[in-house]
1. Among the residues of region B:78-114, count how many are touching a residue at least 40 places away in the same chain (Cβ under 8 Å), within 7 Å of chain D (Cβ to nearest Cβ), in a helix (DSSP H, G or I) and crowded, with 22+ Cβ neighbours inside 10 Å.
2. Using the structure shown, decide if C:Ala215 is more than 19 Å from the chain's Cα centre (by Cα), surrounded by 24 or more Cβ atoms within 10 Å (Cβ to Cβ), farther than 29 Å from C:Asp148 by Cα and facing chain A (nearest Cβ under 9 Å).
3. Looking only at region A:267-303, how many residues end up being within 11 Å of chain C (Cβ to nearest Cβ), under 30 Å from A:Gly168 (Cβ atoms) and outside any loop (DSSP other than H, G, I, E, B)?
4. Pick from region D:178-208 the residues that are among the aromatic types (Phe, Trp, Tyr) and within 10 Å of another protein chain (Cβ to nearest Cβ): which of them is surrounded by the most Cβ atoms within 10 Å (Cβ to Cβ)?
5. Take the residues of region D:478-487 that are open to solvent by 10 Å² or more (accessible area, probe 1.4 Å) and over 11 Å from the mean Cα position of the chain (by Cα): which is nearest to the other protein chains (Cβ to nearest Cβ)?
6. Name the single residue, out of those in region C:221-245 being among the small types (Gly, Ala, Ser) and facing chain A (nearest Cβ under 9 Å), that is nearest to C:Arg202 (Cα to Cα).
Amino acid sequence: MTKSWLKRVSATDVVMWVVSLIIAGIVIYGSISSLQSGKYDGNTWKDLIVYGLTQGSIYALIALGYTLVYGILRMINFAHSEIYMSGPFASYFLASALLTSGFMDKQPWLSLILVALFAMFSSMVIAVSVERIAYRPLRKAPRLAPLITAIGASFFIQYVFKGLFGAGVKNYPELDVLKGQVNIFGLEMYRIHVIVLISAVGLMALLYTLVMKTKLGKAMRAVSEDKDSAALMGINVDQIISTTFAIGGVLAGAAGFLYAIMFRQVSWYMGFIPGLKAFTAAVLGGIGNIPGAMLGGLFLGLIESIGPTLFLAGLGIPAPNQLKDVIAFTLLVFILIFRPTGILGERLATKKA
Amino acid sequence: MDTILRAKEVTKRFGGLVAVNKLNIDIRKESISAVIGPNGAGKTTFFNCITGFYSPEEGSIIFDGNEIQGLSTDVITRTGISRTYQNIRLFSSMTALENVLVGQHPHLTTGWLGAVARTGKFRREEADALEEARRLLKFVGLSSLGNQVARNMSYGAQRRLEMARAMASRPKLLLLDEPTAGMNPNETEEMNEFIRKLRGEMGITILLIEHDMRVVMGISEQISVMDFGEKIAEGTPQDIQNNPRVIEAYLGRGAASGLESAKAH
Amino acid sequence: MKRLFVVLSLLVAASMLLAACGPSTPPFECKDALGCVDIAPGAPIRVAYAMVVEGPDASLGIDSKRGVEIAIDDKKELLGHSIELVGENTGCNAEGGQAAATKLAADKSIVAIVGTSCSSEARAGAPILSDAGLTLVSASNTAPDLTDPAKHVAGYARTAHNDKVQGAVAAEFAYASGVRKAATIHDGSLYADQLQQVFANRFKELGGEIVYQAAIAPTDTDMRPVLTEIAAAGPEMIYYPIFVAAGGFVTAQVREVSGLENVKTMGADGIFSPDFIKAAGENVKGMYLSSPDFSAFGAGYTDFLKKHETKYGEKPLSAFHAHAYDAASIIFAAIEKVAVKDADGTLHIGRQALRDAIFATKEFSGLTGKLTCSATGDCADPKIAVYEVVNPDPATWNPGAAADSNPKKVYP
Amino acid sequence: MQQEKSYLRQALEQGLVGGAIIVLIALLGIVEAFKERSIVGTVLSMGQTFIIGTQFLISYRTARKAGSDQKMAITGGAVTGAVSGLVLAFLVLLSMLFDLRPVFLNASPALFSILAFGQSQIVGMVLLVVFGAGIGALAGVIDTLAVRIRSTILQIVAIVVLTGLLAELIKLVLGQWPSIGRAMNWMFAGKGLSIIGAVVVALVVLVYNVYQAYAPVDPKKKPFFDAENWRGSKGYVRIAISVAVLLILPQILGVYMSEVLDQVGLYILMGLGLNIVVGYAGLLDLGYVAFFAIGAYVVGVMTSPEIAPKFFGMTFTWWEAVIPAVLVATSFGVILGIPVLRMRGDYLAIVTLGFGEIIRIVALSDLLKPVIGGSQGIQGIAKPAIGGFVFQDQQSLYYIILAGVFLAAFVAIRLRDSRLGRSWMAMREDEDVAEAMGIHLVTTKLLAFATGAAFSGLSGAIFAAKIGSIYPHSFNLMVSINVLALIIVGGLGSIPGVVVGSFALVGLPELLREFADYRLLVYGALLVWMMLNRREGLWPEEAHQRELYIDKDTPADAEA
């Protein structure tokens, strides 16, 4: 019996276990020594968690765009990071117009809503146009072709924005209504964090309802399962795909807007890194899976925020924050080893023989 | 009795669904056997368990005296089991010859360095493999189509190419998943002849899944009938034709008439 | 392609025939060790830039390039010739620097070069340019080793100040203002890493303690985790000589982190710009910035800013436009000094003579001060001052020592 | 009538599209930036070429659609041209009404002055429409000409513009021999051609075309690269000549062109490796730069006098370091491969991408700064030397790169035609079935990964020697994306495709450096255009051409 058991264990399994054990060992040992060092009090951890969640909720919103598109077309929409960038970038001009006209001081909340809507709208327009021009003609092509167009579209959009609007960093106005702290359940939190968290969670809930409860959502799920059958059932597949891109664009625009009011800087290259992170988050949670993208985003934000301090600082590694992406990607590998289709699993119809 | 494959209490579940339930089947060496049953009876799942695509939760599969359940597909192939697929799965952008060459993979040994250095051994091996591939193509009647890309071949040719590819690994047991699906009566008859020839000339044991009762009754020596993942009958074609449970399983599914016509045949 | 080849070979053949028949003027005899550049009457004098004008670091190079362009506008003409600016993108990396240098080196009509932008470009590119007989004056390379006598490349000079000076002044100021525990942040760039290391070394020498040396990526936006980490080490000052985007994020977020509500903050010339003030927001008030001493800056600087705004429709993008202006001006002055005009009006510029003239620059009054080049090419007027931002409104940007200046000089 | 109407509507639409493209070009600052860059003397600047060229092409497209009706073709062309001019005039109008500059950086007075032909804006607007109509009508007229005349005219225009575009490079190459350089001076003006130069180029093209028209056609003549031409005794001569040309190329082209060739060569080397991973084995690897970095860093650490003595007590020569570099890169390929190769498709893509980033960040980190220099990089890396000869400059390093490329291509071809190559392709087509053929997936994938990593490591090792100092920033994601794009643009799975792709995506952008600001913009647009119009690549592998156009009724889908 032992012999047949051994036969079922390949060398690669052993290597993977060893790798996992080493990672787990570093994580556990690092965490214990960080916690024991006494350098960080409870407040520090609370802060780090809040930072992680706010950043993570932005990742989650972007990740939803990746996941929606992936779920329906099985393609990585590399240009999604630029869709995310274009919204807040375009609405920067609205924001500064509102600021110079004095309207923003008089009606800060209304202005913010206008700016947010404009950001979502701009991102949506870009998302739909990209789909129409660059992806739709490639519906029947093998998956590398749309991947390359996506990369091309991404460069194109970036450099068009840079060329049209300049290479410099643009700053969103600082608003008094976004400043200060509020007390929520006894926790002192910055108002801006609360706004970002609540908006993000609200949008995600909205999306979830849309996909799970409405007729449109049902059609989207049907197209995702099987395009040909969906078309036979009278669903306009192209239109559903466009709508999916539009929804992804709106969410990305919203994410960009939240980013812009939190960090107050927009630039033509701001999309690339968050896009990459959000895609990682989508995979982490299980690509094609909507709750997975949300979870993946929050998880990734959290790991980036507390990871360096928790895992690495205790090991005496210099400048651990520099390595936060290393932590994130290593954990991604670690999780995919044990759950090859992400934390919540892939929601795709996978066929085998 | 010389058994080549023995399935003992094999069970495969997908979530709550039991696709194969405590299946026991013995296959004699150099026989032609068939597994029949209505759609969704678990026949292909059973094939997938034998070939290692799925790992059964319970039970054991013994091939040539070794337990093979749960081993990976490539290892099982090397022990001498080969198969074709219900929906043809060729390497569609490779040529017919290349497809058969890939099938010979387990019997070629040259590695990375040998290929780069093009050693004498490599050249001999490649030449032999090519000759063998040509021979197999000729055997299935495709010798003129060696350089055709698989995707561009006719349906029947693709079926036969798939068999040539399966035979290239020199199996002791060949699993055929609906070899005559989508064929007209003439083609079906040719395929029957071909399967018999396979067993006769090459001494291969054949296990097939089939819907077409004419084929099953015509060439099988032993038939197992599955329904809802369980074996409901087993025996010679005559036994099966008269088995009331089998008829019941097929009734209402439009296959009863098939049975009738097979009887008349 | 094939056709093009045919066309070309025919052309070459034809013109060789023409050249054989045509009369040829006796050439001017060039005695320069590195050869001469000959400029026909009416032809422009070609000066090149080697800067990063594309990609994420583009603002650094575009900023310097504009400095050169304004210098050309101001100069209008040189010895009766117009000035033509050509140039290559260097990408702020070694391979880009090498490729650009190779291309510029192959163009025999180029007189001198303003560049490179990043120190890594200079390390890969300067030897190639220097070997080709060219002299390059960088406006923004600050890495100390470039002018280190052991490593200096003959044709390399710079108007940017050496990091050794700036980092040390920053440390001295910090210590003098009573800080004993400092933390530093760098962004993985050569510049920031070097500067914070010089700062840390000098600060320790003075008797202070470096409690934490952190690093971020230039593309990071959420600095609160790293600041939280720094807060746990309890510094009295954080020194982050990084660039506008990341520097803005650090400054904007530093007060949100508990434990850092009252920490002093300090940056360097990479963020000495109104853009940074705008990016950083309210929190920038009270922040210290080290930069060239503007009281030593020529009066022309405000004038320069005005021209910049008219010409490009925006404020300077980075910190080295004035250095680039000066680099170009030094080159122009040197050309005026060494160029020889012969009988038919052709201008001859000896490459070695030009190089010597550039290195001999003395008390040259430029925008960034009185410039004197050392034997290893350090031309900057190394007077570094520390300024305090007194007003977070970018519109009030007017660095100096006067009472209403912002930022206001506080050291030395 | 109906048909005519719909055709005119099409012409109108085309005009709007063309107008939008020109407005984009103008607002991106391209027109203004290249207003002084001449193509032909003072007659034609590059800025103008962009506007006129776009108008011409789009009108010509419209005219083509008219079919045989000559009047309609000319009208259609004129309509399209006029509409595109109208769109541009509208932009000028906008600029009169609003200050566009706070939003559009390049909407400067200078731009509108160019657009208005230096006239007042009102006059300029009228001129724009008239001029556009003229160009459009011209395009229409050309469309109606006989095929031979039309193609000659278009060729003349295209070649004159192309020569004008590359004039500087031609001058650069010719300038190596001062006498030739001087003798050819009359051809050039500024960065472009002189008027005489343009006329001469046009004449030469014309003469060539006339000659072609009357020359006897040899029906047996095969395309240059046809395999037939390269066999037998005649083939050996051809091969010998080709090799000889490759060997003297850097000496003819000069040091800058050699630099370009070197860069292209390094990317070919990487492309050949990634082609095995993606093209043969079908594994999407987005972190390929990691192995390039590892190769470079191993050479750096072993040969740099600043670092090597700390670890080895001595410095190694480049030749001593290159083997370890390739081996270390290969072993990293295997180490990375084991955990990730069980993942499928896009999971593999993101994990490899992550791995590439990990290597870069770790190289940059303060953690390893004492070992590999962190942000300060490694300097003083040794150059290869044989005997007393040092491969110092780009012209001599070319030979090292050439040797590397030949070695890699040789290995790639031999592997492709072996049992291993067949297993890779089988795996790419259908992983499950491949496994059922007895192919051990992990081993086979690992071999692909390791081979790819080895090529990349070799490329990195040569790169380190060429550049002399390496920094983590050189090893960013862009390199991986570039290599992936070039093998796909060249033709996935095709070895000549890798070469063509490298020249197109690495060589061409390097040659057209003056467009630095717009390089990636054009790169992006080109990638999209390529995939929409020529998906199989510039030089596709036979079998792949079929695979990239999966027709609907083919049941066997590799992705199923």
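1. 4
2. When the stated conditions are applied, C:Ala215 does not pass them.
3. Within region A:267-303, residues that are within 11 Å of chain C (Cβ to nearest Cβ), under 30 Å from A:Gly168 (Cβ atoms) and outside any loop (DSSP other than H, G, I, E, B) number 6.
4. Out of the qualifying residues, it is D:Tyr208.
5. Within region D:478-487, the match that is nearest to the other protein chains (Cβ to nearest Cβ) is D:Ile481.
6. C:Ala233
Here is a yes/no grid of residues against (1) of a type in the set (A, V, I, L, M, F, W, C); (2) over 15 Å from the mean Cα position of the chain (by Cα); (3) assigned by TED's automatic domain parsing to the domain that holds C:Gly247:
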| residue | (1), (2), (3) |
| --- | --- |
| C:Ala324 | yes, no, no |
| C:Ala334 | yes, yes, no |
| C:Lys337 | no, yes, no |
| C:Asp342 | no, yes, no |
| C:Thr346 | no, yes, no |
| C:Arg351 | no, yes, no |
| C:Leu354 | yes, yes, no |
| C:Ala360 | yes, yes, no |
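Here is a yes/no grid of residues against (1) without any contact (Cβ under 8 Å) to a residue 60 or more places away in the chain; (2) within 14 Å of chain A (Cβ to nearest Cβ); (3) of a type in the set (S, T, N, Q):
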| residue | (1), (2), (3) |
| --- | --- |
| D:Leu341 | no, yes, no |
| D:Gly354 | no, yes, no |
| D:Arg360 | no, yes, no |
| D:Ala363 | no, yes, no |
| D:Lys369 | yes, yes, no |
| D:Lys383 | no, no, no |
| D:Phe410 | yes, no, no |
| D:Ser423 | yes, no, yes |
| D:Ala426 | yes, no, no |
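The values are calculated or read from the model by the stated rules, or taken from the named source; none is laboratory data. Keep in mind it's a predicted model, so treat the numbers as computed, not measured. Cβ sites come from the backbone with ideal geometry, for glycine too, and all protein chains shown count toward neighbours. Quick note on the areas: whole protein, heavy atoms, side chains included, nothing else; ligands and nucleic acids left out. Shrake-Rupley method; radii C 1.70, N 1.55, O 1.52, S 1.80 Å.
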